[in-house]
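Below you'll find the structure, written out as structure tokens, and then a few comments.
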Amino acid sequence: MTNDVQNKAIVLEAFDTLFNRRDYEKAATFWSPGYIQHSAHIPPGRDGLFNLVRALPNTLRYENHLILAEGDYVIAHGRFSGHGRPASWIAADVLRFEDGKLAEHWDVLQDEATQAESVSGLPMFGDRFPADRQGNQ
């Protein structure tokens with residue numbers, strides 16, 4: 001496996017482990033103890049991220065749509081749902097690897113638009129729109 005392929009697989013497993021399965025002990029093996037957090041929505045460091053996830057509802061889920069890697073960087077385009085807010089978040093997460101671990105993170109987050117809200121007429125994630133806030137598809 002190339003480093004790019006390995007790094008993409010590590011990010012997907014790390015996100016599933018932390019956000020979907022909430023296995024904090026195993027998740028700690030993916031994130032560097034010196035993890036640097038650039039997100040405006042997440043407290044500093046690995047503990048800041050893990051404590052944020054602990055505080056979110058157990059319904060939190062991460063789904064990946066696209067993942068790209070080059071060298072020490074991976075960009076994951078995904079959806080965070082079940083976090084207790086009215087709309088799911090569509091995220092572009094940028095992660096930097098160091099010594100085989102997630103060492104640094106940046107993100108761009110946006111509320112997911114329903115079909116009625118989409119000026120382009122296209123979904124932001126995958127090929128289908130989410131149910132709107134009233135539960136309609």
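Descriptive notes on the structure:
- Taken together, the residues in segment 43-58 that are in contact (Cβ under 8 Å) with a residue 24 or more places away in the chain and exposed (fewer than 14 other Cβ atoms within 10 Å of the Cβ) amount to 3.
- Residue within segment 52-72 that is within 19 Å of Ala91 (Cβ to Cβ), in contact with an Asp or Glu (Cβ under 6 Å, 6 or more places away or on another chain) and modelled with pLDDT under 95 present: no
- His77 vs. criteria in contact with a Pro (Cβ under 8 Å, 6 or more places away or on another chain) and within 30 Å of Ala116 (Cα to Cα): no
- Conditions (1) within 23 Å of Val5 (Cα to Cα); (2) surrounded by 15 or more Cβ atoms within 10 Å (Cβ to Cβ); (3) modelled with pLDDT under 95: number failed by Gly126: (2)
- Note on segment 83-104: residues that are farther than 14 Å from Gly34 by Cα and within 16 Å of the chain's Cα centre (by Cα) total 11.
- When Glu112, Glu98, Glu104, Glu70 are screened for being out of contact with any Gly (no Cβ under 6 Å at 6 or more places or on another chain), without any contact (Cβ under 8 Å) to a residue 40 or more places away in the chain and acidic (Asp, Glu), only Glu112 passes.
- Residues that are in contact with a Leu (Cβ under 7 Å, 6 or more places away or on another chain) and either outside any helix (DSSP H, G or I) or touching a residue at least 24 places away in the same chain (Cβ under 8 Å) (or both), drawn from segment 15-37: Phe19, Phe30, Trp31, Ser32, Tyr35, Gln37
- Of residues in segment 9-51 being β-branched (Val, Ile, Thr) and in contact with a helix residue (DSSP H, G or I) (Cβ under 7 Å, 6 or more places away or on another chain), the one modelled with the highest pLDDT: Thr17
- Filter pass, Gln115 being part of a strand (DSSP E or B) and surrounded by fewer than 16 Cβ atoms within 10 Å (Cβ to Cβ): no
- Test: residue in segment 96-109 that is of a type in the set (A, V, I, L, M, F, W, C), touching a helix residue (DSSP H, G or I) at 6+ places or on another chain (Cβ under 8 Å) and either surrounded by 17 or more Cβ atoms within 10 Å (Cβ to Cβ) or assigned to a strand (DSSP E or B) (or both): yes
- The residue that is nearest to His77 (Cα to Cα), counting only those in segment 9-67 that are touching a strand residue (DSSP E or B) at 6+ places or on another chain (Cβ under 8 Å) and among the charged types (D, E, K, R), is Glu63.
- The requirement of being of a type outside the set (Phe, Trp, Tyr) and either in a strand (DSSP E or B) or out of contact with any Lys or Arg (no Cβ under 9 Å at 6 or more places or on another chain) (or both) is not satisfied by Arg54.
The values are calculated or read from the model by the stated rules, or taken from the named source; none is laboratory data. Everything quoted here is computed from the prediction, not taken from an experiment. Cβ: placed from backbone, ideal geometry, glycine included. Neighbour counts: every protein chain shown.
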